[in-house]
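The values are calculated or read from the model by the stated rules, or taken from the named source; none is laboratory data. What you are looking at is a predicted structure, and each value in this text was computed from that prediction instead of being measured. Don't worry about glycine lacking a Cβ; one is built from the backbone with ideal geometry, like all the others, and counts go over all protein chains shown. The accessibility values were calculated without ligands, DNA or RNA, using every heavy atom of the protein model including side chains. Shrake-Rupley method; radii C 1.70, N 1.55, O 1.52, S 1.80 Å.
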Amino acid sequence: MTSLIVKSIFLVTVLTVVTSGCSKTESKPSYLFKAAPKEGLAAKVGDIKITNQELEKGIQSDIYEAESKLFELKFNKLKSLLLEKFINQDPRKKDLSNDEFLEKFITSNVKITDSQIEKFIKDQNIPKEHLNPQVKEKIKNYLTMQEKKGSVDKWLGEKLKKSAVEVYIPKPQRPVFDVKVDGTSPYFGSENAKVTIVEYSDFQCPFCAKGADILKQLKTKYGKKIKIVFKNFTLPFHNQAEKAAVAGLCAHKEGNDSFWKMHDKMFAQQDQLSSEGLKTMAKNIGLNEQAFEKCLEDEEILKKVKKDMQEGKEIGVKSTPTFYVNGRLINGAQSIDVFSELIDEQLAL
């Protein structure tokens, strides 16, 4: 029995050696990771050199998003550690766990009301047919978590009133793009403003409607200190977006004010972007009806829409809304604080 097993093992070994010897050897690229011999160099093989600039071209926004996620991960852990250390220094801590301390002394006043839940439902445009007790309970839990987070931030802020936290984690730098502004696009504000915000947007996009609200806040806050330029970037799965983009530029033919009136109408009535709906909007804001209807079929206006889109693709626009503050990228309808931080920084230069 033992000799049979030995023979079997020997046979398998021989077959393995023979078959591996007969198989075709595949060569694969060899990569040697080491310090760059020259600043700005990403890779080299023979006479071929690849620079960091070449490497990052076209993926700047992806790199920034990845770096931002890493920074956010570290920064949240930093805040958690600070909170833990301040709790441990508090004389009321005693035998309480950190969670018990939070519940007793920091977040005890958090109470979510029905009106807060209803406001959230309204703000998020949640359809009535999607609502049930379980969904409302999830909304309540989410709002509770947000309120508790706010209470913790406020408590920590009180602790840090006398001295700011020196943070040595480097913040990711927003990529800067050469955004074309040729004077033919609709704009708001001073033509020679120190800060120019270029938005790529889609009139059928719900997130772009939120972006439009942010722009309104920025207009109120900064007035003529900023210039806001609107460009079209219609998404292929929004079947009414292209015609709406054309409608916006048709309104612009009667002036910047007419464009922004049409802009606001279309975002307020995103469910009415059919040709007839657009004509009704144009009439309601006082545009020349005949000129507008003719313009809706103007191929030159459509070319302008497509030109905007091509320019957007060249500078990395992949979704809407996308903003550039003096060329610095902001992806999505972020909070006004994100915009203000960048605008204030540019105004101070």
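In table form, for the structure just shown:
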read-out: Lys294 under 25 Å from Phe323 (Cβ atoms), modelled with pLDDT of 95 or more and open to solvent by 20 Å² or more (accessible area, probe 1.4 Å); value: no
read-out: When residues of the stretch 184-233 are limited to those that are under 26 Å from Asp123 (Cα atoms), polar (S, T, N, Q) and open to solvent by 10 Å² or more (accessible area, probe 1.4 Å), the one farthest from the chain's Cα centre (by Cα); value: Thr220
read-out: Yes/no for Glu65 being open to solvent by 60 Å² or more (accessible area, probe 1.4 Å) and either in contact with a Lys or Arg (Cβ under 7 Å, 6 or more places away or on another chain) or closer than 21 Å to Lys149 by Cβ (or both); value: no
read-out: Some residue of the stretch 315-327 being open to solvent by 10 Å² or more (accessible area, probe 1.4 Å), in a helix (DSSP H, G or I) and either modelled with pLDDT of 95 or more or more than 25 Å from Ser68 (Cα to Cα) (or both); value: no
read-out: Hits in the stretch 303-328 (condition: of a type in the set (A, V, I, L, M, F, W, C) and touching a helix residue (DSSP H, G or I) at 6+ places or on another chain (Cβ under 6 Å)); value: Val305, Val325
read-out: Residues that are of a type in the set (Val, Ile, Thr) and open to solvent by less than 50 Å² (accessible area, probe 1.4 Å), drawn from the stretch 152-182; value: Val152, Ile169, Val179
read-out: Residue match in the stretch 298-309 (condition: open to solvent by less than 60 Å² (accessible area, probe 1.4 Å) and over 18 Å from Phe230 (Cβ atoms)); value: yes
read-out: The stretch 328-341: number of residues that are on the phi < 0 side of the Ramachandran plot, open to solvent by 10 Å² or more (accessible area, probe 1.4 Å) and not charged (D, E, K, R); value: 6
read-out: Pairs, first acidic (Asp, Glu) in the stretch 249-262, second open to solvent by 20 Å² or more (accessible area, probe 1.4 Å), C-beta under 7 Å, six or more apart; value: Glu254/Asn288
read-out: Residue count, the stretch 234-284 (criterion: assigned to a helix (DSSP H, G or I) and open to solvent by less than 50 Å² (accessible area, probe 1.4 Å)); value: 24
read-out: Selection status of Leu287, part of a loop (DSSP other than H, G, I, E, B), of a type outside the set (Gly, Ala, Ser) and without any contact (Cβ under 8 Å) to a residue 40 or more places away in the chain; value: yes
read-out: Where Lys171 falls short, out of the listed (1) within 27 Å of the chain's Cα centre (by Cα); (2) assigned to a helix (DSSP H, G or I); value: (2)
